[in-house]
Structures are given as C-alpha cells and as structure tokens.
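I have placed the structure first, in the form of structure tokens, so that the comments after it can refer back to it.
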Amino acid sequence: MSLQMTRLSRDRAVTQWCSMPYRGKAKQFWKMSKEEWTLYQRHRFLEIYQDACTTIPYYRMRQQMYPELKLQEEPLENLLLELPILKKHTLQKHNLHFFPAKSAMGTARWSASDAVGSSLMVQATLQERGMEQAIFDWWKKQVTGTTRPRTIYLLGCMKQEGQTWLSHSHGANGVHLSIYHLHKRYKDEIVRFINDFDPQYIEGYPSAIYELAKLAGDSLFYRKNRTVAMAAAETLAPEWKAVIEQSLCSKVYDVHSSQEGAYGVFECSHGHKHIHPMFGIVEVVREDGTPTEQGEWGRLVVTGLLRKSMPLIRYEIGNRAAKGTAHGSCPCGVSWDWLESIEGRIGDQLQLEDGRRISMLVVNHMIDGMQGIEIHGAQLIQHTLRRFELLIAMKERDQGSRKYVQQSFRRRFTALVEPLCEVELELTFVTEIPREANGTMKLADVRL
C-alpha cells in the first residue's frame, strides 16, 4: 500500500513548524496559578477587544454595543456581562465583516460547517494556527509523554479527495486513515498496519474510533496499553468509550474545540474537562443570559483569545454544558476551571448495506469546501439502507444555485460511501431544519 502525500499533510507540517515559537508559552499554562492565568486572560482579552473595535468592521460599526471598556479592577466576567451575546446566525449573516480589511500574509481562509450543518467562512494567520497547535501538542505531552507521538488520524475527507484508505502525514509523525474504509474487507490490512506502525495516539470522531475498535475486535488487545485516543467533534457515548478502552487503547480522552478557534476543553486523566485558559474564555449561561450555577446546564458562550484575524466576543457556539466545581480542586494538578459535562454534536450513525456504520459528520464533509453558497442548516435522513434524503436550508439569494447544489451533494455523498455499496440521495430544500422536542437539531436522523 503506497503512502501518498496530501494537501492536509502539508498543512499539518506547516502548522507544526509555526507552533515552535509558542510551545514555551503553552507549556507555562500547565503550571500557572489561578491568579496568573486570570491576569493573562484579562490583558489578552482587552488587547483583542481594542483591536477588534478598530480593525474589524462588525465591531467598529457597532460602537454602542461594543463601547470602550474602563480599565478599573473589575473582574473579567463582569466586563463580559456588559457585552452582547453574538448569535451564530448573526455571525453567518455578517460573516465577512468579522475579518480585517487587509489580512496578514499567510492567512488561511476556509469554509467550515457546524453542529447543525450550517456553513461558515473562518480564517486564521499562520501564527494563530501555530499557537493552537502548540496548545494541542502540550496536551499530548501530558497524556503520551511526547509532543509528537506516532499518530493515526481518523479522517472523513480522504476518500472525497481521491485518496486510498491510508496516506502519510508528512512531517507530523503520523498517518491518515479514512473512516469510510472501516470495513471488514480491509480489516486484516488495517490490523496489520496498526501492529507495524505501533501508534501511541489515535485522534478522531468518537463514532469512528468506536468503529475501528469494533472492526479490530480482540486483534489489538495485547497492545492497547501502548495507545491513548482523543475523541473530538461528537458526543462521546459511554457505550462507545467502554468498547474503545476494552480493545483499542488504555484510555480515550474527550476533547472539545471548534473551527472558529475560540475555545478548548481537554479531559485530564481524572476525567475532568478542563477549560484551557490560553485558548479562550468560556461562560455557561441560561436562556436569559445570566450565568448558571455549578452542575446547571446552559448555553456555551465563548470568547476567543487566539485569533485577532477573526475575533469572536461572547459567541454562542451552539453547544450546551454544565459548570464543574471551582478551580484548584482537581488531582491532576492544573488550576484551570472545568466543565462537569459538555454536549457535542448530536445525531445518529448511518447504516450502510455492506454493514458499515458511518458518522453523522458525513454531512459536514459534504458541505465543507462548498464555495459561494450560504447554507443555514442541513440534515441527512436515512429511509432505507440505500435511500437517503438531505434537507438543505439555503440563503434566499442562493436559491438559483439549486441545480448546482443538487449535483454537488450527490457527487460528494456517493464519492464518500461508494464503491463499497450503492446509495441514492435525494435533496429537499426547506426554510429551516426541524428541531427535536428538546430544541436541538440532529445532523443525521436514521428512520430504518
């Protein structure tokens, strides 16, 4: 099996290189006291806020909503409560107004999709991507003993890009394994490769790591204590966690962040989901915007501290969470605050005729990279093992592009799941995606 170089591999190598100047700072946060990281957050927030109010059109044009903040010794949480909550639909509506008029050289801009299938343009400079990578590298150091462990990345975009089930991650000490090839046809090859590669770290969607663990069965049990896993982008179900830790790795860690780069929540060895203070500020609020109490569920509102190129101030990210106890009470030793619970993307696993179960995030993989189309939401409904229906909510001005959208989504979906099995995809254009009884929206709804 040849190892092919991909664009994603090159991007990862560049980001690793850009992280070098920030690794020292990222390391310091693991030993900071509450007072030290609180002071850092205050200074960094005021720096980003003042820059946003002068260089970012959205904030500059709304001086009444974003006034000059007085620099008295008022707690940062009180300063934040004076500012409005930025809704996701507002960010989408004014998307380009969240970028400076002139971006720095090396700034990357890309189309991403969120937990309800809405499309969004995001951007980051090389330095900002480097800072984010440094944070993740030092978390890896805590759980594996090295900032560059031998890694298997379980990805959903490879087959769409015409790659084989495996490709080399140049310069990043890892490989990319397609989640759409976790099939019994490839079991022996995949198990043999994992034995030879001997990964220290596996990164991917919880559902994909779970499917890999099921596929391997007890074939990798004897070596599982040499590997840990990071589950991200979906809610890690307890039953998935049990299967993964039984056959694939010694522990699977639950990690939450976003394409917008506004926050990072990292599980420690004691099971607490710590809020990384270098990444951003996290609030949990009720429907009326007031802060919740410990253990009380609420809306997750984040303020990014990494990206001046796309500053998000009190942004409602779309997740729900519950606060944990105050800082300093975790046996792992860090002084960071933590969340008792956090809810990631919600949706069913799709079932294919050949026996595969694939992540609901196939919806995101179809949307990501779609240029010139503003999608407000999407939901994939499975009616039979072969027949699927994609609900799409688009901006009114883009309605004339329906034929292009239909062709693009059909091509992308079949490219992801075929040729291992045949599927049919029909598209239905709607004004909005239906919500569940509890108010949430599912990316995928299996109705078999």
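Structure summary
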read-out: Selection within the stretch 350-393 - in a helix (DSSP H, G or I) and either under 16 Å from residue 178 (Cα atoms) or in the same structural domain as residue 215 (by TED's automatic domain parsing) (or both); value: 362, 363, 364, 365, 366
read-out: Answer residue from the stretch 304-323, given it is of a type in the set (A, V, I, L, M) and assigned to a strand (DSSP E or B) and is surrounded by the fewest Cβ atoms within 10 Å (Cβ to Cβ) among those; value: 322
read-out: Among the candidates 102, 70, 88, residue that is modelled with pLDDT of 90 or more and among the basic types (Lys, Arg); value: 102
read-out: Residue in the stretch 37-60 that is of a type outside the set (Val, Ile, Thr), within 22 Å of residue 123 (Cα to Cα) and not in a helix (DSSP H, G or I) present; value: no
read-out: Condition check for residue 241: in contact with a strand residue (DSSP E or B) (Cβ under 7 Å, 6 or more places away or on another chain), without any contact (Cβ under 8 Å) to a residue 60 or more places away in the chain and not aromatic (Phe, Trp, Tyr); value: yes
read-out: Some residue of the stretch 90-105 being surrounded by 17 or more Cβ atoms within 10 Å (Cβ to Cβ) and within 16 Å of residue 302 (Cβ to Cβ); value: yes
read-out: Qualifying residues in the stretch 236-248 (those that are in contact with a Phe, Trp or Tyr (Cβ under 9 Å, 6 or more places away or on another chain) and over 13 Å from residue 207 (Cβ atoms)) - the one surrounded by the fewest Cβ atoms within 10 Å (Cβ to Cβ); value: 246
read-out: Meets criteria (surrounded by fewer than 18 Cβ atoms within 10 Å (Cβ to Cβ) and touching a helix residue (DSSP H, G or I) at 6+ places or on another chain (Cβ under 9 Å)) for residue 134; value: no
read-out: Output for the stretch 14-36, where each listed residue is in contact (Cβ under 8 Å) with a residue 24 or more places away in the chain, exposed (fewer than 14 other Cβ atoms within 10 Å of the Cβ) and assigned to a helix (DSSP H, G or I); value: 17, 20, 21
read-out: Test: residue in the stretch 182-201 that is at pLDDT 90 or above, of a type in the set (Val, Ile, Thr) and farther than 29 Å from residue 135 by Cβ; value: yes
read-out: Scope the stretch 210-224; condition hydroxyl-bearing (Ser, Thr, Tyr) and either within 28 Å of the chain's Cα centre (by Cα) or exposed (fewer than 14 other Cβ atoms within 10 Å of the Cβ) (or both); matching residues; value: 210, 222
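The values are calculated or read from the model by the stated rules, or taken from the named source; none is laboratory data. Every value quoted in this text rests on a predicted model; they were computed, and no experiment measured them. Glycine also receives a Cβ, built like all others from the backbone with ideal geometry; neighbour counts cover every protein chain displayed.
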